[in-house]
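Q: The structure's right below; bear with me while I get my questions together.
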Amino acid sequence: NEHTDYVILPEAAWNVLHARYGGGPAFKRRAIKTPNGAVQVELHGLQLKVYRSSADEVPCMEVIESRCCTVRDLKDRLCRELGLDPEKTRMWDYFNKRLYDQLEKHLDSTIESCKIYDTNPLMLEEQDEDGTWPLTEKHNAERNEELGGSCSAATGQYSNYPASRAADFPSTGEPLQRGAVGLQNLGNTCFMNSSLQCLSNIPPLREYFISEKYRESLNRNAFKTQGKLAEAFAALLQLMWRDDTTRVAPRNFKYQVGQFAEQFSGYGQQDSMELIEYVLDGLKEDCNRVTGPKPYIEVKEADGRSDEEVANEALSNYRRRSNSEVDDLFVGLFKSVVRCPEPPETCGRASVTFDPFLSAKLPLVSSAEQRLTSFSVTVVRDERPTGAEPVVQVTVKVSKDLSVKDLVEATAKEVEGLQPQQCILVEIWQKKVHKFFEDNEAIDNIRVDDILILYEVAEPKAFRVSAEQRWGSVAPYRIPEDEDISPASAAAQSMCGAIVVHRQVAKSSSSYSYSYNSHEFHGLPMLIPIAKNITGRQLCDQVEAKMRECVVASGEAAPRWTLYKVDRTSRSGDGEEIRPDSDEPLALRESKEHFAVTWHEDATLPPSLQIQETLSNPPTNDRAERPDGEVEIAQLLKMFVDEEKLGAQDAWYCNRCKDHKEAFKKLEFHRTPPVLVLQLKRFQFNRWSRERLNTPVRFPLEGLDLAPYCTESSLRGENADRTKTMYDLAALSKHIGSLGGGHYVAYCRNSQDGEWYNFDDGSVRRVSADEVEGDKVGAYVLFYIRRDYRPPTFGAPSRSP
């Protein structure tokens, strides 16, 4: 992900950074123009496999090319590299090693618009000496006849395949069951295949498109998609539900989705839920009975009106903008209540609205727990406490909404006698102080794996940033002239912070090691407040005293060392030696000065430096690797509808208090849709980290009852029919593996025989209900069908309402 795994730079900026810091190699990428006119950096080109008709037995040549390259340019490049005459060469789309489409007809088209995908084979047909072409149109037709017919999205009739290069690519045979059809992976498209299998196995949605009833409300004025997404979806379903289809390569569908949503146009792994929501939103718009400009509708609150009246009004307003068969199947209503935390005497305002929803996203942890984060903090005491270690490590858990000051206070509570006002929090990187944190900084700016050290210092003001420094001055800390200066404060204004690191000449004798970094750094840096006019003798005495407290054990002889004044950004070089016998003031100018204790090359370092290195490395964040405690989906639904307090970042504006408040919010189901989509929020993201939650979730295959999570008013009178709150599972999108390198498959219940099937890209197998129900860690997106829409082939429900 950009800004997490990599950063894109202009070439000039890269050259400046490379000249100063080195590194490399450079990864140059091309900027391309997307169909909607935006500019996008193409991280990965297409890897293409090139075959020659005159050399069938020769292994293919692999080339990498931009998807925006034209067929003509690609052909010219290949002919040039292979020594062929372009006038005596034809290029074919050789998908699945079958002649699929002659690309000579599309020389000025991009290879992406010709549906050429990653690892796509191409065939170069070379003209024989007698002027004939060995791979003829007749041969092509004979091969395609073996594959069976292709169903036209326009007519619903079968014709010799392929009808056009826009068609998806089916393979024929005898499937396990009608609809139990694999989808070929076109290059990291398992997320798309899993999503499509789930949508394909929702009977009312499928029949609406296969029967072409959708054409009655096809909206050619739909934003972006203009009805093309619905046509591509219908054509794909028609192929998947033929009696003789065993597998389909959804080439056209992927192309159409990529044309309308650039995030799906490449070959990177994506989120199946994001694609599901995009496809459903696109189908809603393509089949929207509301055409032309949509009316602006202001959301109205209840203001004491009944739930039924406000809900009907909200649903009517929604249908004035979006009214389709897809809406009828998937869209429900939440009742949302947001109340001000101020008591009724001063405010007591509550906002009640009814909001349409396409899916319900169930958190695996409560909102309060979700806002908590744990940090490993190493505490360095200013003086060795009696009977205690000078360096200890603690783990603290704080809310992401808080500041660094709160983190410091929480850490101080874990260490007896530690006063937070005497502490400075820093981040260590490569054994050096990388950053000093200010009290008002947000905790959310700190990564979980940052090495955090909390120093107790006698004079913390020497290390704090003054207003002048923050706004550009490098002047040291000083007290305003009109402020009453105590003796302690007067001393503080003439002080600065000394950051002292431990280093030793590297034992490696290689020229590379010495030229890059001639020293190895050890242990934790020391923070020492010092006078700005300190002498060399005084500074060395203070450094030695600090080492006696924190580094060298009592009674031990300290190894030989020399103190140097160094540059903060210096990688190598000794710096300026501080003479221990000098009584000349050092005349320090900066607010923070950097020094290095350089241990002699033959000296044996104190054991405490090695111990400190171990302490300074935080424990691995293994939450994503270990399964958390098992929960039932009923618990997640209860947590979803429980009232929660909004955090500071989600503060709600109370128009009665005229201020943003950390209000209380409660959601409940009011109108339950025929198809209920539940997403288990396994992926957590913040500014610095991404995490997959491996919490096992137990979910029922039949008899999921939403009644306990619905509004009371929705369960009374005409709405008391329990079939409107009882659901049975129809499909499941499963995520396997880690966050970065996972894989998607699907479990779906076939409406032809009521059996469960596993879909793993092109592979399909019949599975037991126990296998589906037992996959508690992989379950990600669940599709439930309301009991009154349950297919008869599912048989009698195992649990009755």
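The values are calculated or read from the model by the stated rules, or taken from the named source; none is laboratory data. It should be emphasised that the depicted structure is a prediction, and the values quoted were computed from it without experimental measurement. Virtual Cβ from ideal backbone geometry, glycine too; neighbours counted across all protein chains shown. Remember, those area values only see protein heavy atoms, side chains included, never the ligands or the DNA or RNA. Shrake-Rupley method; radii C 1.70, N 1.55, O 1.52, S 1.80 Å.
Q: Considering every residue within the range 276-288, establish whether at least one is free of Cβ contacts under 8 Å to residues at least 24 places away in the same chain and open to solvent by less than 50 Å² (accessible area, probe 1.4 Å).
A: Here is the first cut: in the range 276-288, the ones free of Cβ contacts under 8 Å to residues at least 24 places away in the same chain are 278.
After this cut, where a residue has to be open to solvent by less than 50 Å² (accessible area, probe 1.4 Å) as well, the list is 278.
There is at least one residue in the range 276-288 that is free of Cβ contacts under 8 Å to residues at least 24 places away in the same chain and open to solvent by less than 50 Å² (accessible area, probe 1.4 Å).
Q: Out of Val310, Val326, Val337, Val299, which single residue is surrounded by 16 or more Cβ atoms within 10 Å (Cβ to Cβ) and in contact with a helix residue (DSSP H, G or I) (Cβ under 9 Å, 6 or more places away or on another chain)? Before you say what the answer is, go through the steps one by one.
A: Values: Val310 fails: in contact with a helix residue (DSSP H, G or I) (Cβ under 9 Å, 6 or more places away or on another chain); Val337 fails: in contact with a helix residue (DSSP H, G or I) (Cβ under 9 Å, 6 or more places away or on another chain); Val299 fails: surrounded by 16 or more Cβ atoms within 10 Å (Cβ to Cβ).
None of the other options fit; the residue is Val326.
Q: Also, quick follow-up: When both residues are 6+ apart or on different chains and their Cβ atoms are under 8 Å apart, which pairs have a first residue that lies in the range 4-29 and is under 28 Å from Asp449 (Cβ atoms), and a second that is part of a helix (DSSP H, G or I)?
A: That search, which allows pairs on different chains as well, returns Leu9/Leu17; Gly23/Leu17; Gly24/His18; Ala26/Trp14; Ala26/His18.
Q: Given the options Thr604, Thr598, Thr562, name the one that is β-branched (Val, Ile, Thr), at pLDDT 75 or above and crowded, with 17+ Cβ neighbours inside 10 Å. Please lay out each step first, then the result.
A: Details: Thr604 fails: crowded, with 17+ Cβ neighbours inside 10 Å; Thr562 fails: crowded, with 17+ Cβ neighbours inside 10 Å.
Answer to the check: Thr598.
Q: For the range 181-235, which positions are among the hydroxyl-bearing types (Ser, Thr, Tyr) and closer than 23 Å to Gln752 by Cβ?
A: Residues of the range 181-235 among the hydroxyl-bearing types (Ser, Thr, Tyr): 189, 194-195, 200, 208, 211, 214, 217, 225.
Listed by number, the residues that qualify are Ser194, Ser195, Ser200, Tyr208, Ser211, Tyr214.
Q: Looking at the range 748-772, which of its residues are buried (at least 18 other Cβ atoms within 10 Å of the Cβ) and within 19 Å of Thr695 (Cα to Cα)?
A: Scanning the range 748-772 gives a single hit, Val772.
Q: Restricting to the range 411-446, give me the number of residues that are of a type outside the set (Asp, Glu), assigned to a loop (DSSP other than H, G, I, E, B) and surrounded by 15 or more Cβ atoms within 10 Å (Cβ to Cβ).
A: Restricting attention to the range 411-446, the residues satisfying the condition of being of a type outside the set (Asp, Glu) are 411-413, 415, 417-426, 428-437, 440, 442-443, 445-446.
Pick out the ones that are also assigned to a loop (DSSP other than H, G, I, E, B) and you get 415, 417-419, 430-431, 437, 440, 446.
If we keep only those that are surrounded by 15 or more Cβ atoms within 10 Å (Cβ to Cβ) as well, we get 415, 418, 431, 437, 446.
Of the residues in that region, 5 qualify.
Q: Answer with yes or no whether Gly227 is surrounded by fewer than 24 Cβ atoms within 10 Å (Cβ to Cβ), in contact with a Leu (Cβ under 8 Å, 6 or more places away or on another chain) and under 27 Å from Ala38 (Cβ atoms). Before you say what the answer is, go through the steps one by one.
A: Values: surrounded by fewer than 24 Cβ atoms within 10 Å (Cβ to Cβ): yes; in contact with a Leu (Cβ under 8 Å, 6 or more places away or on another chain): yes; under 27 Å from Ala38 (Cβ atoms): yes.
Against the criterion (surrounded by fewer than 24 Cβ atoms within 10 Å (Cβ to Cβ), in contact with a Leu (Cβ under 8 Å, 6 or more places away or on another chain) and under 27 Å from Ala38 (Cβ atoms)), Gly227 qualifies.
Q: Here is a follow-up. Could you tell me how many of the residues in the range 528-540 are in contact (Cβ under 8 Å) with a residue 12 or more places away in the chain and open to solvent by 70 Å² or more (accessible area, probe 1.4 Å)?
A: Qualifying residue count, the range 528-540: 2.
Q: Let me spell it out: the conditions are (1) open to solvent by less than 10 Å² (accessible area, probe 1.4 Å); (2) part of a helix (DSSP H, G or I); (3) touching a Phe, Trp or Tyr at 6+ places or on another chain (Cβ under 7 Å); (4) more than 19 Å from Asn252 (Cα to Cα), and Ala180 meets all of them except one. Which number is the exception?
A: So Ala180 meets the others, but not (2).
Q: I've got another one for you. Of the conditions (1) of a type in the set (Val, Ile, Thr); (2) over 21 Å from Glu630 (Cβ atoms); (3) not in a helix (DSSP H, G or I), Val781 fails just one. Which one is it?
A: (2)
Q: Between a residue in the range 658-676 that is assigned to a loop (DSSP other than H, G, I, E, B) and any residue that is of a type in the set (Gly, Ala, Ser), which pairs come within a Cβ distance under 6 Å, given they are 6 or more apart or on different chains?
A: Close Cβ pairs (under 6 Å, with a partner that is of a type in the set (Gly, Ala, Ser)) amount to Glu662/Ala651; Thr672/Gly332; Pro673/Gly332.
Q: So which residues in the range 185-218 are among the hydroxyl-bearing types (Ser, Thr, Tyr), open to solvent by 10 Å² or more (accessible area, probe 1.4 Å) and in a helix (DSSP H, G or I)?
A: Pass one, the range 185-218, residues among the hydroxyl-bearing types (Ser, Thr, Tyr): 189, 194-195, 200, 208, 211, 214, 217.
Within this subset, residues satisfying the condition of being open to solvent by 10 Å² or more (accessible area, probe 1.4 Å) are 208, 211, 217.
The answer is Tyr208, Ser217.
Q: Any residue in the range 773-786 that is without any contact (Cβ under 8 Å) to a residue 60 or more places away in the chain, charged (D, E, K, R) and either closer than 26 Å to Thr725 by Cα or open to solvent by 30 Å² or more (accessible area, probe 1.4 Å) (or both)?
A: Going residue by residue through the range 773-786, those that are without any contact (Cβ under 8 Å) to a residue 60 or more places away in the chain are 774-775, 778.
Retained after the next criterion (residues that are charged (D, E, K, R)): 775.
Adding the requirement that they be either closer than 26 Å to Thr725 by Cα or open to solvent by 30 Å² or more (accessible area, probe 1.4 Å) (or both) leaves 775.
Yes, the conditions are met somewhere in the range 773-786.
Q: Is it the case that some residue within the range 252-269 is touching a Phe, Trp or Tyr at 6+ places or on another chain (Cβ under 7 Å), in a loop (DSSP other than H, G, I, E, B) and either open to solvent by less than 50 Å² (accessible area, probe 1.4 Å) or closer than 19 Å to Val331 by Cα (or both)?
A: Yes, the range 252-269 contains a residue that is touching a Phe, Trp or Tyr at 6+ places or on another chain (Cβ under 7 Å), in a loop (DSSP other than H, G, I, E, B) and either open to solvent by less than 50 Å² (accessible area, probe 1.4 Å) or closer than 19 Å to Val331 by Cα (or both).
Q: Separate question: I'm trying to understand the selection: among the residues of the range 219-244, which are of a type in the set (S, T, N, Q) and assigned to a helix (DSSP H, G or I)?
A: As a first pass, look at the range 219-244 and keep what is of a type in the set (S, T, N, Q): 219, 221, 225-226, 238.
Residue satisfying the conditions is Gln238 alone.
Q: Further question on the same structure: Restricting to the range 209-248, give me the number of residues that are charged (D, E, K, R) and more than 33 Å from the chain's Cα centre (by Cα). Please lay out each step first, then the result.
A: Just the residues of the range 209-248 that are charged (D, E, K, R), to begin with: 212-213, 215-216, 220, 224, 228, 231, 242-244, 247.
With more than 33 Å from the chain's Cα centre (by Cα) added as a condition, the list becomes 212-213, 215-216, 220, 242-244.
Residues meeting the conditions: 8.
Q: Looking at (1) over 30 Å from Glu691 (Cβ atoms); (2) open to solvent by 90 Å² or more (accessible area, probe 1.4 Å); (3) within 24 Å of the chain's Cα centre (by Cα), find the lone condition where Gly45 falls short.
A: Here Gly45 clears every test but (2).
Q: Also, quick follow-up: Looking only at residues in the range 1-29 that are polar (S, T, N, Q) and within 24 Å of the chain's Cα centre (by Cα), which one is most open to solvent (accessible area, probe 1.4 Å)?
A: Residues of the range 1-29 polar (S, T, N, Q): 1, 4, 15.
Subset that is within 24 Å of the chain's Cα centre (by Cα): 1, 4.
On the way: Asn1: 91, Thr4: 72 Å².
Among residues in the range 1-29 that are polar (S, T, N, Q) and within 24 Å of the chain's Cα centre (by Cα), the one most open to solvent (accessible area, probe 1.4 Å) is Asn1.
Q: Going by the structure shown, is Ile116 among the aliphatic types (A, V, I, L, M), on the phi < 0 side of the Ramachandran plot, assigned to a loop (DSSP other than H, G, I, E, B) and under 38 Å from the mean Cα position of the chain (by Cα)? Break it down into steps so the answer makes sense when it comes.
A: Numbers: among the aliphatic types (A, V, I, L, M): yes; on the phi < 0 side of the Ramachandran plot: yes; assigned to a loop (DSSP other than H, G, I, E, B): yes; under 38 Å from the mean Cα position of the chain (by Cα): yes.
So Ile116 fits the description; yes.
Q: If you go through the range 239-247 one residue at a time, do you hit one that is open to solvent by 10 Å² or more (accessible area, probe 1.4 Å), touching a residue at least 24 places away in the same chain (Cβ under 8 Å) and under 23 Å from Ile736 (Cβ atoms)?
A: yes
Q: Would you tally the residues in the range 30-60 being touching a residue at least 24 places away in the same chain (Cβ under 8 Å), assigned to a loop (DSSP other than H, G, I, E, B) and within 30 Å of Pro134 (Cα to Cα)? Even if it seems obvious, please write down each step before you answer.
A: Start the filter on the range 30-60 by keeping residues that are touching a residue at least 24 places away in the same chain (Cβ under 8 Å), which leaves 30, 32-36, 38, 40-44, 46-54, 60.
Filter once more, keeping what is assigned to a loop (DSSP other than H, G, I, E, B): 34-36, 38, 43-44, 53-54, 60.
Adding the requirement that they be within 30 Å of Pro134 (Cα to Cα) leaves 53-54, 60.
Residues meeting the conditions: 3.
Q: Hey, another quick one. Considering only residues that are outside any strand (DSSP E or B) and of a type outside the set (A, V, I, L, M), look in the range 646-657 and name the one that is least open to solvent (accessible area, probe 1.4 Å). Break it down stepwise before answering.
A: Step one: list which residues in the range 646-657 are outside any strand (DSSP E or B), which gives 646-651, 655-657.
Still in the list and also of a type outside the set (A, V, I, L, M): 647, 649-650, 655-657.
Working: Gly647: 4, Gln649: 140, Asp650: 96, Asn655: 77, Arg656: 140, Cys657: 44 Å².
Residue satisfying both the conditions and the ranking: Gly647.
Q: Looking at (1) within 15 Å of Ile116 (Cβ to Cβ); (2) outside any helix (DSSP H, G or I); (3) among the acidic types (Asp, Glu), which is the only condition Asp73 fails?
A: (2)
Q: Next question, about the same structure. Looking only at the range 220-254, count how many residues are over 19 Å from Tyr208 (Cα atoms) and out of contact with any helix residue (DSSP H, G or I) (no Cβ under 8 Å at 6 or more places or on another chain).
A: Filtering the range 220-254 down to residues over 19 Å from Tyr208 (Cα atoms) leaves 221, 223-224, 244-252, 254.
When the remaining residues are screened for being out of contact with any helix residue (DSSP H, G or I) (no Cβ under 8 Å at 6 or more places or on another chain), the result is 221, 244, 246-247.
Qualifying residue count, the range 220-254: 4.
Q: I've got another one for you. Within the group Asp108, Asp73, Asp128, Asp85, which residue is open to solvent by 50 Å² or more (accessible area, probe 1.4 Å), farther than 25 Å from Pro170 by Cα and in contact with a Cys (Cβ under 9 Å, 6 or more places away or on another chain)?
A: Working: Asp108 fails: in contact with a Cys (Cβ under 9 Å, 6 or more places away or on another chain); Asp73 fails: in contact with a Cys (Cβ under 9 Å, 6 or more places away or on another chain); Asp128 fails: in contact with a Cys (Cβ under 9 Å, 6 or more places away or on another chain).
Residue meeting the stated conditions: Asp85.
Q: Phe330 versus (1) farther than 27 Å from Gln259 by Cβ; (2) touching a residue at least 60 places away in the same chain (Cβ under 8 Å): which is the lone unmet condition?
A: (1)
Q: If you scan the range 758-778, which residues turn out to be over 32 Å from the mean Cα position of the chain (by Cα) and assigned to a strand (DSSP E or B)? Full working, then the answer.
A: To start, the set of residues in the range 758-778 that are over 32 Å from the mean Cα position of the chain (by Cα) comprises 766, 768.
Hit for the range 758-778 is Arg766, nothing else.
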